[in-house]
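The structure under discussion appears below in the form of structure tokens.
The values are calculated or read from the model by the stated rules, or taken from the named source; none is laboratory data. Since this is a predicted model, take the numbers as computed values, not measurements. We place every Cβ from the backbone using ideal geometry, glycine too, and count neighbours over all the protein chains shown.
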Amino acid sequence: MAERKAVTTQMAKRFARASKKEKGGILVELCALTGWTRRHARRAIGEAVRGAAPRPRQPRERVYGPQVLGPLRRVWATLDGPAGKRLAPFMPEIVEALERAGELDLEPEIRAKLVRMSAATIDRALATERRRLKVRGAPGPSPVRS
């Protein structure tokens with residue numbers, strides 16, 4: 001990898017001074033040396049010219065913390081573990097029913113977050129629970145073939 005980077009750096013210097021026709025030849029030469037596609041070679045030369053280093057990504061702040069995940073697990077378990085696609089559309093009604101029954105006591109902001117949670121987010125949040133409850137072990141007997 002270091003050799004490819006060195007070759008790319010050297011060719012990038014020539015590439016910057018070259019005409020359009022010469023640039024095509026440089027790309028062909030770089031592709032032959034490295035085994036890259038023309039598209040990748042062009043991008044690698046561009047990065048070498050600019051000296052672009054990837055910026056570290058800032059982690060996003062969590063929207064749904066443990067104060068939301070606890071009630072979500074309770075709602076999910078009460079309904080016998082449905083998928084997020086089935087649970088999300090009925091979340092406002094279910095939360096309201098569980099609050100009326102005294103099973104849930106939520107603050108307004110937590111209730112709002114729980115009700116607006118998408119199906120995909122519900123599935124991601126409950127993935128650890130599903131893994132924990134997954135039945136493991138040997139499968140049952142195979143069917144008899146005649």
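See the values below:
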item	result
Within the range 18-27, tally of residues that are loosely packed, with under 12 Cβ neighbours inside 10 Å and part of a helix (DSSP H, G or I)	2
Answer from 144, 49, 68 - the residue that is modelled with pLDDT under 95, in contact with a Lys or Arg (Cβ under 6 Å, 6 or more places away or on another chain) and hydrophobic (A, V, I, L, M, F, W, C)	68
Hits in the range 42-69 (condition: free of Cβ contacts under 8 Å to residues at least 60 places away in the same chain and surrounded by 12 or more Cβ atoms within 10 Å (Cβ to Cβ))	42, 43, 44, 45, 46, 47, 48, 49, 67, 68, 69
Helices (runs of 4 or more DSSP H) lying entirely in the range 68-134 (those with 1 or more residues that are among the charged types (D, E, K, R) and more than 23 Å from the chain's Cα centre (by Cα))	91-100, 108-116
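To keep it simple, each residue is scored yes or no on (1) under 12 Å from residue 114 (Cα atoms); (2) in contact with a His (Cβ under 6 Å, 6 or more places away or on another chain); (3) charged (D, E, K, R); (4) in the same structural domain as residue 13 (by TED's automatic domain parsing).
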| residue | (1), (2), (3), (4) |
| --- | --- |
| 29 | no, no, yes, yes |
| 39 | no, no, yes, yes |
| 57 | no, no, yes, no |
| 84 | no, no, no, no |
| 95 | yes, no, no, no |
| 101 | no, no, no, no |
